[in-house]
1. Among the numbered criteria (1) at pLDDT 80 or above; (2) surrounded by fewer than 15 Cβ atoms within 10 Å (Cβ to Cβ); (3) out of contact with any Lys or Arg (no Cβ under 9 Å at 6 or more places or on another chain); (4) of a type outside the set (Lys, Arg), which single criterion is violated by Glu168?
2. Determine if region 81-95 includes at least one residue that is part of a helix (DSSP H, G or I) and closer than 26 Å to Ile197 by Cβ.
3. Filter region 193-215 for residues that are closer than 13 Å to Lys84 by Cα, at pLDDT 80 or above and of a type in the set (D, E, K, R) and give the result.
4. Looking only at region 40-75, how many residues end up being touching a residue at least 60 places away in the same chain (Cβ under 8 Å) and in a helix (DSSP H, G or I)?
5. Can you report the number of residues in region 140-164 which are of a type in the set (Val, Ile, Thr) and either loosely packed, with under 15 Cβ neighbours inside 10 Å or outside any helix (DSSP H, G or I) (or both)?
6. Can you name every residue in region 96-138 that is hydrophobic (A, V, I, L, M, F, W, C) and surrounded by fewer than 16 Cβ atoms within 10 Å (Cβ to Cβ)?
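The values are calculated or read from the model by the stated rules, or taken from the named source; none is laboratory data. As the structure is a prediction and not an experimental result, all values here were calculated from the model. Please note: Cβ atoms are built from the backbone with ideal geometry, for glycine as well, and neighbour counts cover all protein chains shown.
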Amino acid sequence: MIKDRLKELKMNQPDPDDIQLTMSVNKPTQVDGFLRESDQLERTIDKIGSLVNEIKRLQESILVSSGNDETLRDELDDRMNEIKSNAQKIRQNLKIMTEEILREEKENRRGSTELKIKKTRTAFLSKKFSEIMQNYNLIQANYRDDCKKRIKRQLEITGKDADDEEIEEMLESNNPQIFTQGILTETKMAKQALQDIEARHKDIKMLEKNILELHEMFADLAELIETQGEMVDNIEDNMAKTVEDAKVGEDNTKKAVVNAKSARKKKVIVGLIITGVVLVVIIIIVILLAVYLK
């Protein structure tokens, strides 16, 4: 009875190899929180990319409109403000992430796999954000040029010629009527042209105000990327190394599973041997008892 009870207790005990393997697989890494935050940051960057496309669409609609569609202009202004707000948040988060990486590097953790993942991820997000903002800046510059061309065409309709330099001088003024001074509006077409000129002048002034507000952010972003240095320049190599590290980790996990299975297999073999020995002993005892009883 004692032997049977001991066998029952052993059977109910969890396999130590199973416990060790489970802990190894399910234990969360310190980089998990960083990756969750960076994923959220990337979604915000993608949102800015979508807003940039919306702004381009709105600008194209405004250029072909009659010039007095305030609904489109209000929507355009809302989208630009939304980009500015989200861009400032992203810039601040990237700055914090970069400072954290630099701090960890100073703590002699250069060889840490987690640090490499952070550097690669931060560099990727910085590069992606920078490219989207550069595209946004290009779209704004193109829209300004298109507005200037539209102003020049409308001035020609009114009978007033102006070269690019003269138009630039006019644009420097905060008075939208500077374009229309000395122009007679005898025809309906001329009146519409003047209204359109004033509307384009307003568009350009709003655009320039938005660009000036983002100027500090652009400068800060350039400094941030410069600080990262090789983190951006060698992003492809870092990503390849990260994939390689992940592959090694996967191989190690597979080896751990194989080793755990091997350990269980050995225990089964040892158990069978012990059982066989016990059976032999029992048989010998039975034979001896039979001889003794005779």
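1. If we test Glu168 against (1) at pLDDT 80 or above; (2) surrounded by fewer than 15 Cβ atoms within 10 Å (Cβ to Cβ); (3) out of contact with any Lys or Arg (no Cβ under 9 Å at 6 or more places or on another chain); (4) of a type outside the set (Lys, Arg), just (3) comes out false.
2. Yes.
3. Within region 193-215, just Lys209 meets the criteria.
4. Count: 12.
5. 1
6. Ile96, Leu102, Leu138
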